[in-house]
Amino acid sequence: MLTRSLMILAVVGVTAVEVPRLLSGDTDIEESFVDVAQASTQTQQSDRPGRVTLKADERGHFLATFKLNGKDVDGIVDTGASVIAINESTARRLGFTAARTDFKYPINTANGQTVAAHVVLDRVEIGSIRVKDVDAFVLKDAALSDTLIGLSFLRRLNSYAVADGVLKLER
C-alpha cells in the first residue's frame, strides 16, 4: 500500500514538473540547469549548522548541487514531487545497477507512460544538512532529464519554507 501511494505521489510530482516545462518548450537539459559554479553561488549556508537557503533562478526554480550517496548531483527542489526522482544514468553513477525487472512501477509522465524502479539512497546532503535512507525512484533516461529533489527528502527536515524567492531548509 505504501509503495502504491509513493508511486502515485511520484507520478503527480514528475508530471507537475515535466508538463509545464514541455509546454514552455524548455526541453534542453543545458537550459534547465545553471552550471555548477552558478548553482553553488545560489546555495548559501546559514550561520547555524543544519540550515541552507537557496535563491530561485530567473524562472523561479530552486537549483542546487546535492550530494547523493556522496556524489555531486545537480538537482531541482520540487515540493510537488513525492519522492526524489533520478534517471538511470545518474543511478548508475551512484552505484545502483537495475535489472530490467526492477523497473516494475508504471507511472505517467509528460512524455507518456513509463516504468520506474524503487531505490533507497544511503544519504542526501546539501550544505551541512544530511538525511540518511531516503526513498527515490529511478526512471529511464528518456523519461527524466533532471534530478528532482522531492518530499521524501524535504519531509525529513525540521522545516522548509519558501518566501520572497528564497527556499529555507532546516534540519
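Coordinate-derived values only; no laboratory data. All of these numbers come straight from a predicted model, not from anything done at the bench. Cβ placement follows ideal geometry from the backbone for every residue including glycine, while neighbour counts extend to all protein chains displayed.
Going through the range 56-159, which GluC sites (Glu not before Pro) have at most 12 other Cβ atoms within 10 Å and a DSSP loop state? Could the numbers behind the result be given before it?
Numbers: sites: GLU58, GLU88, GLU125; in loops: GLU58.
Hits after loop and neighbour filter: GLU58.
Any idea how far apart ALA161 and LYS71 come out in nm if each label point goes 7 Å out from Cα toward Cβ?
With each label point 7 Å from Cα toward Cβ, the separation is 3.6 nm.
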